[in-house]
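A short write-up of the structure that comes next.
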Amino acid sequence: MPSKSKGKLTHVSDFISLKGRLTVTKNGVVIKDARKIIYPGSGGDDNWWNIKQLLEQVDEAFNIFEEKHPNKTAVFVFDQSSAHASHGDGALNAFTMNASEGGAAIPQRDTYYPPECTKKRLIGQVQQLNWERERTVGKGKKKKTIIELVPKGIKMILAERGCLPISQKLPAKCSPKCANSLTYPPKSTNTPCCLARILANHEDFFRQKSALEELLLSR
Ligand SMILES: [Zn+2]
């Protein structure tokens, strides 16, 4: 049976400057190009466009800009695609954590006790967001012990900060989403709606930069 598909999808991601596309040319031939073209979906060979590909492209685009315009400052403008605001690996995000420890949640990087911490002597010190647990893997001669990171979960992180509400019975996360928009510091009129929102409103979680911003600052 021939394929019912009428073709394949083409996805183009590019940077346009006042002088046209962002490229480096030699004798009129493009030798470096910030544009990325992929063919995702059925019939195509590539994965769907994702944050990893975007970061690789942006890094290359920065390299091309610096080669083409040495000692100049670039102003890159991104549209509000969700990929452009997404976070990198290990970024702080209260809403992807579980209420309690473990589970399928991905470990997030360590942080610091923010000003919201009610145990004043801890403010500014490192707060680990994961337990380090020993686990035995493999069998027979291949048996070995590894150290595994187990996410502590929202409740423990808030408890360590002295910010876990005890008298109020709050859900771990609002469903489908919190009624008030996230601001920092939170408006005094906003009462906490869920545990994840309390944590999201702490300085370190609120100030978490997007993967794009982190890439830019790391250069
Ligand atoms: Zn909420």
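The values are calculated or read from the model by the stated rules, or taken from the named source; none is laboratory data. Remember, it's a predicted structure, so these values are computed and weren't measured experimentally. Note that we place each Cβ from the backbone using ideal geometry, even for glycine, and neighbour counts take in every protein chain shown. With ligands, DNA and RNA removed, areas are computed over all heavy atoms of the protein, side chains included. Shrake-Rupley method; radii C 1.70, N 1.55, O 1.52, S 1.80 Å.
Can you tell which of Ala104, Ala99 is over 14 Å from the mean Cα position of the chain (by Cα), among the aliphatic types (A, V, I, L, M) and surrounded by fewer than 15 Cβ atoms within 10 Å (Cβ to Cβ)? Please lay out each step first, then the result.
Numbers: Ala99 fails: surrounded by fewer than 15 Cβ atoms within 10 Å (Cβ to Cβ).
Among Ala104, Ala99, only Ala104 is over 14 Å from the mean Cα position of the chain (by Cα), among the aliphatic types (A, V, I, L, M) and surrounded by fewer than 15 Cβ atoms within 10 Å (Cβ to Cβ).
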So, in the range 1-54, how many residues would count as being over 17 Å from His84 (Cα atoms), exposed (fewer than 11 other Cβ atoms within 10 Å of the Cβ) and of a type outside the set (Ser, Thr, Tyr)? 14
Scanning the range 104-129 for residues that are closer than 17 Å to His202 by Cα, without any contact (Cβ under 8 Å) to a residue 40 or more places away in the chain and assigned to a loop (DSSP other than H, G, I, E, B) gives Arg109, Asp110, Ile123, Gly124, Gln125, Gln128, Leu129
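Within the range 142-150, can one find any residue that is touching a residue at least 40 places away in the same chain (Cβ under 8 Å), open to solvent by less than 60 Å² (accessible area, probe 1.4 Å), within 15 Å of the ligand (Cβ to nearest atom) and not in a loop (DSSP other than H, G, I, E, B)? Give the derivation first.
Residues of the range 142-150 touching a residue at least 40 places away in the same chain (Cβ under 8 Å): 149-150.
In the following step, the residues that additionally are open to solvent by less than 60 Å² (accessible area, probe 1.4 Å) were identified as 150.
This time we only want the ones that are within 15 Å of the ligand (Cβ to nearest atom), so: none.
So far as the range 142-150 goes, no, none of its residues is touching a residue at least 40 places away in the same chain (Cβ under 8 Å), open to solvent by less than 60 Å² (accessible area, probe 1.4 Å), within 15 Å of the ligand (Cβ to nearest atom) and not in a loop (DSSP other than H, G, I, E, B).
Has the range 131-153 got at least one residue that is on the phi < 0 side of the Ramachandran plot, hydrophobic (A, V, I, L, M, F, W, C) and in contact with a helix residue (DSSP H, G or I) (Cβ under 7 Å, 6 or more places away or on another chain)? So that I can check it myself, show each step before the final result.
Step one: filter the range 131-153 for residues on the phi < 0 side of the Ramachandran plot, giving 131-137, 139, 141-152.
Among the residues that remain, those that are also hydrophobic (A, V, I, L, M, F, W, C) are: 131, 137, 146-147, 149-150.
If we keep only those that are in contact with a helix residue (DSSP H, G or I) (Cβ under 7 Å, 6 or more places away or on another chain) too, we end up with none.
Checked against the condition, which is being on the phi < 0 side of the Ramachandran plot, hydrophobic (A, V, I, L, M, F, W, C) and in contact with a helix residue (DSSP H, G or I) (Cβ under 7 Å, 6 or more places away or on another chain), the range 131-153 yields no hits at all.
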Being modelled with pLDDT of 95 or more, farther than 30 Å from Asp79 by Cβ and either part of a loop (DSSP other than H, G, I, E, B) or not assigned by TED's automatic domain parsing to the domain that holds Gly102 (or both), is that true of even one residue in the range 130-140? no
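Does the range 190-199 contain at least one residue that is surrounded by 12 or more Cβ atoms within 10 Å (Cβ to Cβ) and at positive phi?
Start the filter on the range 190-199 by keeping residues that are surrounded by 12 or more Cβ atoms within 10 Å (Cβ to Cβ), which leaves 190, 192-199.
The next check asks that each one be at positive phi; those that pass are none.
No, every residue in the range 190-199 fails to be surrounded by 12 or more Cβ atoms within 10 Å (Cβ to Cβ) and at positive phi.
Going by the structure shown, is Pro171 open to solvent by 50 Å² or more (accessible area, probe 1.4 Å) and under 23 Å from Ala85 (Cβ atoms)? Explain how you work it out, then say what you get.
Working: open to solvent by 50 Å² or more (accessible area, probe 1.4 Å): yes; under 23 Å from Ala85 (Cβ atoms): no.
Against the criterion (open to solvent by 50 Å² or more (accessible area, probe 1.4 Å) and under 23 Å from Ala85 (Cβ atoms)), Pro171 does not qualify.
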